[in-house]
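Structure, as structure tokens:
The values are calculated or read from the model by the stated rules, or taken from the named source; none is laboratory data. Since we're looking at a predicted model, the values are computed, not measured. Here the Cβ is made from the backbone with ideal geometry for all residues, glycine too, and neighbour counts use every protein chain on show.
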Amino acid sequence: MFNFKALLLAAPLALLAAPAIAQDGTAGRTSLYFGLGGAKSASEFRDDSTPLSIGIMHQLAGRKLVLGADIGREGTLLDSTWGRDQAVKQATSYNLLIGANVIENSRFRTDAALLVGVREDTSDCAASYLGYQCWANTEPDTEYKGNFGAVVNVSFNKMSLGVRATGESTQVIAGFRF
């Protein structure tokens, strides 16, 4: 299963790599962001944990095209492992971004992108009676659903603010440009 905490620990490594990326003449074309927001209303079969995300967007040199990726904790995963039957947990989503630089001048820039990816939907496996997550300690079978949305990011100098919206959550994103 994906370990989101490891990703958050790896984020400082991206900060250390930023000077190396900027040396190839693309300084100021890459944005790294972190998002936090609100989920759809909770119910018996909906997770109400605070959605969050981490992502990166990069404008290709000499073009308006912006590409990126992000990983989010949003939506609901119905977990039938560890002896549970459809326990409600927060799902993980894996997304790609494709968009364009909409506005760029000496004061600020605005990037907009479509978000397309997958989100965990259900996790299931044969029960273990020895204390493992699944029988014989096998990996659970996880099913995924499509995840769609948009990201709009406005950068001022080295700071960036924006909005990330999907069918599962709406988040305010903040980050930096390098």
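Quick check on the stretch 40-67: of everything there that is within 18 Å of ARG119 (Cα to Cα) and in contact (Cβ under 8 Å) with a residue 60 or more places away in the chain, which residue is surrounded by the fewest Cβ atoms within 10 Å (Cβ to Cβ)?
Checked the stretch 40-67; the qualifying residue surrounded by the fewest Cβ atoms within 10 Å (Cβ to Cβ) is LYS40.
Is it true that some residue in the stretch 12-23 is of a type outside the set (Ser, Thr, Tyr), at pLDDT 85 or above and not in a helix (DSSP H, G or I)?
No: the stretch 12-23 contains no residue that is of a type outside the set (Ser, Thr, Tyr), at pLDDT 85 or above and not in a helix (DSSP H, G or I).
Restrict the check to the stretch 81-93 and report whether at least one residue is in contact (Cβ under 8 Å) with a residue 40 or more places away in the chain, in contact with a Leu (Cβ under 8 Å, 6 or more places away or on another chain) and in a loop (DSSP other than H, G, I, E, B).
Yes: one or more hits.
Within the bounds of the stretch 34-54, is there any residue that is β-branched (Val, Ile, Thr), closer than 14 Å to GLY149 by Cβ and at pLDDT 95 or above?
no
With respect to THR92, determine if the residue is closer than 21 Å to ARG46 by Cα and modelled with pLDDT of 95 or more.
Answer is yes for this residue.
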